[in-house]
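Engineer: Provided herewith is a single structure, encoded as structure tokens, for subsequent inquiry.
The values are calculated or read from the model by the stated rules, or taken from the named source; none is laboratory data. Since the structure is predicted, the reported quantities are computational estimates derived from the model, not experimental observations. Here the Cβ positions follow ideal geometry from the backbone for every residue, glycine too, while neighbour counts run over all protein chains shown. Keep in mind that these areas ignore ligands, DNA and RNA; they rest on the heavy atoms of the full protein, side chains included. Shrake-Rupley method; radii C 1.70, N 1.55, O 1.52, S 1.80 Å.
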Amino acid sequence: MPRINGNEIRSGYVIDHNDGLWAAVKVEHVKPGKGGAFAQVELRNLRNGSKLNERFRSADRVERIRLDQKDQQFLYESGDRLVFMDMETFEQVELPSDMLGERLAFLQEGMTVQIEYHETEALNVQLPQKVTCRIAEAEPAVRGQTAASSYKPALLDNGIRIMVPPFVNQDEDVVVNTETLEYAGRA
């Protein structure tokens, strides 16, 4: 694998650090008035989800890991396991449901997701960025609250609570961003 300088790390890169695979979540380049420049990097362990803040100078060398990405279709949930099927080889893969965390509620039967592999180990499941959901409960809009942009709480059919604009009502379909868990528009 290619080795890169510490100041070349960008958000989304996966690196081999402290005998583990870490994803760079947030990268901030700092140039102090005294001393050399460095990159302050927030890392997330891909195997256990723990976080780490690390400082990399330009002289530090790290190994960048490239993950293989495969489109796979979600078939069903079996206990605490999720079963996916490879779209090309039709092989089935079982992954733990806690790999998705709170995004598990957005996983729908037949949905195509992208699974990232390091060699043969599945490390991450990426849902589509936007998913259509139905509003199960929403408070009625309060008249006269249009001077400032206001949002009201709503409960989706999958049990997730989000904030929606006042014109969105119960039993309407909305588009939700699965990364930020926020309202993205009407369906």
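Engineer: Considering each residue of the range 11-34, count those that are surrounded by 14 or more Cβ atoms within 10 Å (Cβ to Cβ) and over 17 Å from the mean Cα position of the chain (by Cα), and give that number.
Structural biologist: Summing the residues that are surrounded by 14 or more Cβ atoms within 10 Å (Cβ to Cβ) and over 17 Å from the mean Cα position of the chain (by Cα) in the range 11-34 gives 4.
Engineer: Could you list all residues from the range 4-53 that are assigned to a helix (DSSP H, G or I) and in contact (Cβ under 8 Å) with a residue 24 or more places away in the chain?
Structural biologist: Residues satisfying the conditions are G6, N7.
Engineer: To continue, here is another question. Considering only strands (runs of 3 or more DSSP E) fully contained in the range 55-172, which possess at least 2 residues that are open to solvent by less than 40 Å² (accessible area, probe 1.4 Å) and closer than 21 Å to V25 by Cβ?
Structural biologist: Because the criterion is at least 2 residues that are open to solvent by less than 40 Å² (accessible area, probe 1.4 Å) and closer than 21 Å to V25 by Cβ, the strands (runs of 3 or more DSSP E) in the range 55-172 that meet it are 61-65, 112-118, 121-126.
Engineer: Same structure, new question: Report every pair of residues separated by at least 6 positions or lying on different chains whose Cβ atoms are under 6 Å apart, first residue within the range 60-82 and within 9 Å of S97 (Cα to Cα), second hydroxyl-bearing (S, T, Y).
Structural biologist: D80/S97; L82/S97
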